[in-house]
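No lab work stands behind these numbers, since they all come straight from the coordinates. In this text the structure is predicted, and so the values were computed from the model without any measurement. Neighbour counts run over all protein chains shown; Cβ positions are idealised from the backbone, glycine included.
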Amino acid sequence: MSSPLLPRLARLAAVTAALALAAASVRAQTAPATPAAPAATAAENKAITLAAFEVSSDRDVGYTASSALAGGRIDSLLKETPSAISVLTAEFLADIAATTFGSAAEWAPNSIPVGDTATMGEYNVNIRGVGNSFPSRNYFRWYVSSDNYNTERLEFARGPNSILFGDGNPGGINTTFTKQALFVSRRSVQLRTESFGGYRASFDYNLPAGSRFAVRVNALTDRLKGWRDYDEPTRDSVHLAATFRVAKDSQLRAEYEQGKYRRFSFAQTFADQSSNWNRTTVYNGTTAPATAGTGVGRLNAGVADDYLVFDPNQAALGILNWRGFFQTTGTGLRILPDGRPQVARFPSIPNREFSLQPPDAHIDTTYHSWTFYAEHRFPAGIIAQLAFNHQDQSRLGKLRVWDQHRIDVNTVLPTGAPNPNFGKAFADVQPQLTLQENTLSDWRLSLAHKAQLRWVRQSFSLSAGVRHDEYSPVTWTAGRVNGTNVNSQAATNVIRIRQYWDAPRNPRIFDSLVSNGSDVRFIETNTSDEDQRLQYNQLASASAFFNGKLSVLLGYRYDIHDRKQQRRVAARPDGSSVLGATAGPGTLDLSHVKVGTSSAGLVWFPVPWLGAYANYSESFNAPGSGASKLDGSTIPPASNDGIDVGLKLEFFGGKLAGTLGYYKMKQIDRARTGDGMADINEIWNDLGRPQDTILAYRDLETYQGDGLELDVTANLTRSWRLMLNYSLPKTQQADIGPGLRAYVAQHLATWQAGAANPALPNAARIATNLGDINRIISGYTEGRTLNNTVEKIGNIYTTYSFREGRLKGLAVGGGANYRGRQVVGNRANQPFNYLYAKAYTLVSAHSSYDLRLGKFRTRLQLNVSNLLDEQDVVYTTFTSNAAAGGDVPNAFRYQTPRKYSLSATLNF
């Protein structure tokens, strides 16, 4: 529930003051203590590894990382890497108090997290404005939202770099690196609370057993609350890592993680379905009111259809049949925080925390993952690693969203009793459950050879792997199964749960249906099965000449991708799914593709502080599950290519490092939902040729992008660290809908003849359908900027730590996320006259204090996000509505309000 801000801040201030007084007391009574470092010392941080295939973070200093797995998954210096890679180090993640991957990704160059409003796929990030790629963890594909409790650092590789991740979108990929078992004792506990309420506790326990075996345990319980009403997410996870040094040249490592987290789905906005009502027309249960010009209409669309509703706040009545009763209508526009003064009687939202969602409208994710590594160094200097990763994830979501504002204009209930909710706003939703399950197994064999010759430092790597990925989504929808119509999903059998805007929320609304004579069940209404197998081989060479002044990277990868899938192609009499494929029920869609991709790049430092780089890279993107093309053929893999060129800067012995670069990329044969199916099928039926009707299909399109990127990190002094990035992305769409355009060209003469044939009773409708199809194709505008493209993206953060004097142990820092205007649409019939969401800036700050509390090295830290409490909404769509003023903003999202986070980290 909403609570006043001041009491929450008062409680937080009291806790902060108490801790500050305690810290001051300890400081006054004890000798100055050595500050507790936010990250481990180099010796502690260094994972004992024989392989060249694991990134080493022991050389990371402050916000600056020195290496990445960019050279064909070989640990390589970033200054010698021609591809665009940015790293968020452990120290930076600690300073911004990141908890989730999404909260950290806000600070990555040219990246926009999209998971904060996603129903599923909460781990997605849009890189360079051209869409999302699946993330990876330790370079294994990863379908889970990572948490910082077991994260060592985050890496963002931009561009279509196949020798890093193989299949993916051209924007790039993000990778989480997990904490490994170290050969040094290390223990820490962190406690955290926030101004929205709740708590979070985690611990990190690393224990070496002699010089050959080490184990590390990280665990988390998170009950931090969100800012909306009824937003109480949870997470419980544990991660185990072990290292066993078998012999001098052999090592085994293993990881295991299991966890469960809960997210809540919310209506970002609410739709007006009440402003048309004249405020006088009502229904008394006997005399039907006039509907013309009154703003009321029947609840049931079909005169003979039942309208079944369950109100959890009148549960004793069970499911009531509101057939023949009435509801209000409206503009369908989204309700803005400031309303719409141009529209009479337009409704308003109580407050921005308001939610109609019941407390059990959540998504539960359960996951398990285990990974094994066997590493060995051969006498010839070849290092080998055999790795295996297995994951399984299950997401169960209660996903329907109550997002309408209608008014109950019925003075009586269907029982004849007075209606206690007459005149109140409500929303009706048909409840639905969705289950998504993934099982993924990934084998990888890697060989590397590093040699230092007189004139060249040379690395070769050879990798081969097999990834098997199974995906099964199922949706169940509530319906009546004992009605006269056997189809549980027929309009007369739909079951709805009603939420009145002013009513309390039932904590278990999905489980509280009372039948009252109706046999209500959740019937499977949509499902599919997908099985993918990816085999790959890749070879990479990284050469550094003239003491690293010239670096050359070459790579080639060959992939074989097999997919078989089934999806809902028909319905049984009860509404449940019949599985099949393009050829009909019981069939399979099969695809088998072979793809070769390459990369080539170089870095040249003519002087120690300035270098130039150039890189060409390719990748491919296997199509997701779904329909085939309009001609029945399978969707091909999308092919990606791109170039990166620019300058590398390195001053003061690497204390200030960065890149300034230009990129250009393209994705060809990107899958998109096919258009015009309803019009095409209506034409064929009107021509008396129902055998020529089409199924749902997918079409293709091309995405293009280019832009400038600046990425700088610095440790300006021993006490001062800085990160800065700024991007100017541009995108375009091209070659849209070739399948539909070819199909229309093939049949256009036949359709035009039908439209001109006076003997056909529906000739006029054929002409209308043809007009609809032509409008669809004319809307395929070449060169239009992609929606959601942000004109400018900038991030800056800096921290200063006092290391002597009276302020010793204190650190202060701050920064900002800047987002320029975002394309969210265009004016009607003017594809290049764009409509924008306005720019905004979010400011963040933190202060920490390191001290000793007895035997504990302790850090107290206060973080403030959205420091200036930016409250302007971010519009995500526009629509045309004459009454509201023409092209007007419609859907939007709120900024997360100002939030205070207080944490205490104890190291012992």
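Antiparallel versus total DSSP beta bridges in the chain: what percent is that, nearest 5? It would help to have the intermediate numbers written out before the result.
On the way: 336 of 345 bridges.
Beta bridges within the chain, antiparallel portion: roughly 95 percent.
Please work out which option in (1) 19; (2) 37; (3) 24 gives percent of Cα pairs over 54 Å apart calculated from these coordinates, and answer with its label.
(1)
Give the separation of the Cα centroids, segment 849-880 to segment 747-794, in Å.
Centre-to-centre distance over Cα atoms comes out at 49 Å.
About the Cα centre of segment 215-374, what is the dipole size in debye to 20, counting +1 per Lys and Arg Cβ and -1 per Asp and Glu Cβ, all else neutral? All intermediate terms of the calculation are to be shown ahead of the outcome.
On the way: 18 positive and 16 negative charges, 74 e Å.
For segment 215-374, the charge dipole is close to 360 debye.
For segment 351-424, with the dipole built from +1 on Lys and Arg beta-carbon atoms and -1 on Asp and Glu ones, taken about the Cα centre, which of H390, V401, F372 lies farthest toward the positive end?
Result: V401.
So what J values fall out for segment 855-863 if you push phi through Karplus, 6.51 cos²θ - 1.76 cosθ + 1.60 with θ = phi - 60°, rounded to Hz, Gly and Pro as x?
Couplings: 8, 9, 7, 10, 10, 9, 9, 10, 10 Hz.
Taking H as built 1.01 Å from N, whose amide H comes closer than 5 Å to the amide H of S355, not counting residues under 5 places away?
Amide H neighbours of S355, under 5 Å, 5+ apart: D229.
So who's got an amide H within less than 5 Å of the one on R857, skipping anything under 5 residues away but keeping other chains? H placed 1.01 Å off N, in plane.
N907
Starting with the highest mean, order 771-779, 648-656 by the number of other Cβ atoms within 10 Å, averaged over the residues of each peptide. List each step's numbers first, then the result.
Values: 771-779: 14.2, 648-656: 16.2.
Descending mean neighbour count gives 648-656, 771-779.
Would you kindly derive the ³J(HN,Hα) couplings of segment 412-429 from the backbone phi angles with the Karplus curve 6.51 cos²θ - 1.76 cosθ + 1.60 (θ = phi - 60°), listing them in order in whole Hz, with x for Gly and Pro?
10, 7, x, 6, x, 6, x, 8, x, 10, 4, x, 9, 7, 8, 9, 10, 9
Rounded to the nearest angstrom and ordered from largest down, what semi-axes does the equivalent ellipsoid of segment 757-898 get from its C-alpha gyration tensor (root of 5λ)? Show your work: numbers first, answer last.
Details: eigenvalues 633, 39, 38 Å².
Over the Cα atoms of segment 757-898, the ellipsoid semi-axes are 56, 14, 14 Å.
Among G293, T329, A344, whose Cα projects farthest towards the positive end of the dipole of segment 286-346, with charges put on the beta-carbon of Lys, Arg (+1) and Asp, Glu (-1)?
A344
Could you give each residue of segment 606-614 its phi-based ³J(HN,Hα) in whole Hz, using Karplus coefficients 6.51, -1.76, 1.60 with θ = phi - 60°, and x for Gly or Pro?
Result, rounded to whole Hz: x, 10, x, 9, 9, x, 10, 9, 8.
At 222 nm, what helix-only mean residue ellipticity would the chain give, in deg cm²/dmol to the nearest 500, using -39500 (n - 2.57) for each DSSP H run of four or more?
Numbers: 8 runs with 88 residues, N = 908.
Rounded to the nearest 500, it is -3000 deg cm²/dmol.
Once Lys and Arg get +1 and Asp and Glu get -1 on their Cβ, which of I635, F134, G517 lies farthest toward the positive end of the dipole of the chain?
So the residue furthest toward the plus end is F134.
If the limit is 28 Å between Cα atoms, which of K179/K792; K79/K450; K260/K666; K179/K855; K79/K594 go over it? Don't jump to the answer; show the numbers that get you there.
Numbers: K179/K792 34 Å; K79/K450 18 Å; K260/K666 38 Å; K179/K855 25 Å; K79/K594 34 Å.
Over 28 Å apart, Cα to Cα: K179/K792; K260/K666; K79/K594.
With axes computed from alpha carbons, what is the tilt in degrees of helix 677-686 against the longest principal axis of the chain, rounded to the nearest 10 within 0 to 90?
30 degrees
Given the Cα-Cα distance of I796 and T221 and 0.36 nm per residue of separation, how much length would full extension add, in nm? Present the calculation step by step, with values, prior to reporting the outcome.
Values: separation 575, 0.36 × 575 = 207.00 nm, distance 3.04 nm.
Gain on extension, I796 to T221, equals 204.0 nm.
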